[in-house]
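Below is one structure, written out as structure tokens; comments come after it.
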Amino acid sequence: MAVAERAMGLLLTPAKLRVWGWRSAMSLVDQGLTSGAGFAVNLLLARWMAPEVYGAFAVAFAGFLFVSGFHNVLLLEPMSVMGPARYPGRLGAYFRSQITVHAILVGALSGVLLIGGLVLGRAVPGSPLTGAVLGGGLALPFLLLAWLARRMCYVAQRPSAAALGSGLYVTFVVAGLFVLGHYGWLASFSAFLLMGCGSILASGLLLWQLGLAERETAAEPGVRWRAVLRENWTYGRWLVGSTVLFSISTQAQTFLAAAFLGLGAAGILRAMQIPSLVMTQVTTAAGLLVLPAFSLDFGKGSIERLRHKAMLVSLGLVVGALCFASLMALLAGRAEHILFGGKYAAYAWLMPVLALIPVCAGFSMGYAMAMRASQKPHFDLLANAVAAPVGVGSAICFMHWWGLAGAAASMVFSFVAAALINFFSYRRYLVSPKVVTGTTL
């Protein structure tokens with residue numbers, strides 16, 4: 001015990017605490033800037049664009065989020081795990097190989113999107129979706145390269161560099177949007193190009209900060225990109241299915257609203273969802289914050305303590321989300337006027353409906369993080385496997401009955417389904433009498 005206490009004392013020196021405190025603060029700043037950039041872009045575009053044009057952007061952006069999910073599980077997460085563990089002395093070469101993998105995979109997908117945009121332009125001349133798809137196809141490799149460079153900064157334990165890149169990106173893009181709006185050049189195509197240019201600047205700065213802008217030297221041991229690709233696939237292949245299902249359950253309503261109700265309806269739905277997206281991101285960040293503590297309790301065999309924390313986290317997040325939903329119910333009209341200047345006043349009542357999404361996410365978060373900490377992440381796949389067909393089926397039925405309100409109700413319904421599956425999985429595998437210190441019988 002004395003040896004362990006001395007070792008802990010060496011680990012928790014004031015200097016090291018200051019270093020980790022600074023890194024934690026920079027991580028929060030980086031996450032805040034990244035989330036703020038997405039919020040600002042969607043808010044300004046929804047405020048300034050016609051609903052049909054913003055709807056086209058929303059559909060293309062939903063497609064980008066779908067692709068980014070694969071990029072996350074096949075590049076970002078494997079790099080975060082494999083990089084420090086297997087290549088601590090060769091991070092430069094390892095990062096260069098990951099950039100090669102990124103260029104091959106995302107470049108090919110970008111080419112497909114560009115071809116699709118050209119075909120769409122010939123098939124439906126004048127559709128605002130054509131410019132959105134073409135702009136998204138051009139910007140996609142650079143948007144995801146910036147995400148890759150930011151994650152490299154975390155692997156190299158330099159979150160301050162990531163925050164610097166995010167700050168450059170959000171400053172450039174927000175200023176560029178005002179310039180485009182002033183000169184009347186704002187469109188889905190130009191918005192995506194602006195985001196792509198901002199990503200080029202940010203990723204260039206980050207790669208330079210990491211020393212990757214220079215050529216690889218012969219003295220540096222190389223890392224074959226094919227080997228890196230195999231490692232990424234081995235790690236991420238089990239997460240692909242969950243990513244597909246989660247994207248379907250959360251993004252299907254946008255695509256179906258555009259298909260059945262028109263691009264304008266998709267734009268309205270996305271605009272009214274912006275406040276709830278902010279609260280959902282807060283809920284997700286809270287879950288990631290408590291996950292290490294949950295994992296520590298599970299590793300120590302403190303299952304009862306883990307259960308208690310899971311209940312408190314879910315209860316706290318539900319209370320906070322309910323307060324947010326109540327404010328939206330009381331102040332939806334005023335909030336719409338502040339955000340959009342009365343442009344969507346007739347649809348402001350959708351805000352409190354969509355504010356129920358973070359309520360469901362908050363209820364689920366504590367139990368879902370407890371399941372992950374208990375090394376049972378496959379139940380996330382089960383929850384999404386239920387939520388995806390529920391989301392698609394309810395969207396088709398509800399939109400047929402209630403129009404745009406049905407699309408919003410379907411979003412909430414899919415989150416309700418996922419939350420219930422997470423809760424019942426938690427009850428079965430962590431509250432069951434068979435659960436003992438750190439294992440299940």
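The values are calculated or read from the model by the stated rules, or taken from the named source; none is laboratory data. All of these numbers come straight from a predicted model, not from anything done at the bench. No Cβ is skipped: glycine too gets one built from the backbone with ideal geometry, and neighbour counts run over all protein chains shown. To get the accessible areas, we keep the full protein, side chains included, count just its heavy atoms, and leave off ligands, DNA and RNA. Shrake-Rupley method; radii C 1.70, N 1.55, O 1.52, S 1.80 Å.
Data for the structure
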item: Listed residue (Met369, Cys323, Trp349) projecting farthest to the positive dipole end of region 307-441, Cβ model; result: Met369
item: Highest-fluctuation residue, Val174, Val112, Val386 considered, GNM on the chain with Cα pairs under 10 Å; result: Val112
item: Extension reserve of the Ala259-Gln375 stretch, reckoned as 0.36 nm per residue once the Cα distance is removed; result: 37.8 nm
item: Heavy-atom accessible area per residue - the chain, 1.4 Å, Å²; result: 47
item: In order through region 133-146: 3J(HN,Hα) via Karplus (6.51 cos²θ - 1.76 cosθ + 1.60), integer Hz, x for Gly, Pro; result: 5, 5, x, x, x, 6, 7, 3, x, 7, 4, 6, 5, 5
item: Difference of contour (0.36 nm per residue) and Cα-Cα distance, Ala405 to Tyr429; result: 5.0 nm
item: Solvent-accessible surface (1.4 angstrom probe) belonging to Phe70, in square angstrom, nearest 10; result: 50
item: Solvent accessible area, Å² - Cys360, 1.4 Å probe, full protein context; result: 20
item: Karplus (6.51, -1.76, 1.60) ³J(HN,Hα), θ = phi - 60°, over region 225-234, in Hz, Gly and Pro reported as x; result: 5, 5, 5, 5, 4, 5, 4, 4, 5, 4
item: Zone residues, region 280-303, relative to Ser27, backbone N less than 14 Å from point 7 Å out along Cα-to-Cβ; result: 285-296
item: FRET efficiency estimate (nearest 0.05) - Cβ-Cβ, Trp238 to Ile104, R0 25 angstrom; result: 0.70
item: Residue-level accessible surface for Trp48, protein heavy atoms, 1.4 Å, Å²; result: 100
item: The chain, accessible surface, carbon-and-sulfur percent (1.4 angstrom probe); result: 71
item: Debye equation applied to the C-alpha atoms of the chain, log10 I(q)/I(0) at 0.11, 0.13, 0.14 Å⁻¹; result: -0.96, -1.34, -1.52
item: Loop-resident sites, region 161-196, for chymotrypsin sites (Phe, Trp or Tyr not before Pro), counting at most 11 other Cβ within 10 Å (DSSP); result: Tyr183
item: Placed amide H near Leu212: partners under 5 Å, 5+ positions off or other chain; result: none
item: Arg47 versus His337: modelled label distance in nm, points set 7 Å from Cα along the beta carbon direction; result: 1.6
item: Listed residues Met351, Met82, Met328, most fluctuating in the chain (Gaussian network, C-alpha, under 10 Å); result: Met82
item: Pairs of Lys in the chain closer than 22 Å at Cα, counting only those 8 or more apart or on different chains; result: 6
item: Dipole of the chain, positive end: most advanced residue of Leu74, Gly196, Tyr426 [Cβ charges, Cα centre]; result: Tyr426
item: Amide proton proximity set for Ala348, modelled H, under 5 Å, gap of 5+; result: none
item: Of His308, His400, His337, the one that fluctuates the most in a GNM where the chain has Cα springs shorter than 10 Å; result: His308
item: Hz values of 3J(HN,Hα) by residue in region 353-362 - Karplus curve (6.51, -1.76, 1.60), Gly and Pro given as x; result: 5, 5, 5, 6, 4, x, 4, 5, 5, x
item: Extension reserve of the Glu304-Thr171 stretch, reckoned as 0.36 nm per residue once the Cα distance is removed; result: 43.2 nm
